[in-house]
1. Take the residues in region 60-82 that are within 16 Å of Ala33 (Cα to Cα) and touching a helix residue (DSSP H, G or I) at 6+ places or on another chain (Cβ under 7 Å); name whichever of them is surrounded by the most Cβ atoms within 10 Å (Cβ to Cβ).
2. Give the residues of region 10-51 that are basic (Lys, Arg) and modelled with pLDDT of 85 or more, sorted by residue number.
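The values are calculated or read from the model by the stated rules, or taken from the named source; none is laboratory data. Just so we're clear, the structure is a prediction, and the values are computed from it rather than from any experiment. Cβ placement follows ideal geometry from the backbone for every residue including glycine, while neighbour counts extend to all protein chains displayed.
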Amino acid sequence: MLDAAKQNATTPTAKSDTSPRLNLRIEMPETYAFIEACREAFSKESINPQIKLGMEGAQTFHASENGIEVGTRSPSFDDLRGITPDRMVLRDKVTVLP
């Protein structure tokens with residue numbers, strides 16, 4: 001009986017279960033594709049730590065798809081005190097330094 005309980009605790013569960021484990025490829029396919037593209041463009045060594053930090057509470061990663069949210073939300077525009085549209089600057093040209 002104890003072995004059955006141990007097996008259930010480590011087996012991936014259905015979406016309706018309250019378990020935090022999910023299969024990102026199936027449950028959030030667009031998010032998965034985006035993360036894979038970022039890993040390809042910037043390396044998994046630079047992307048994976050940011051995702052991990054976001055999962056731990058830092059505002060470095062957040063995704064929402066199919067009613068599932070993972071990571072940590074950034075504050076809304078209204079919560080960003082001191083940043084108002086009249087203080088934003090848009091530039092026509094970007095200079096790249098060597």
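1. Once the filter is applied, the top-ranked residue is Phe61.
2. Arg25, Arg39, Lys44
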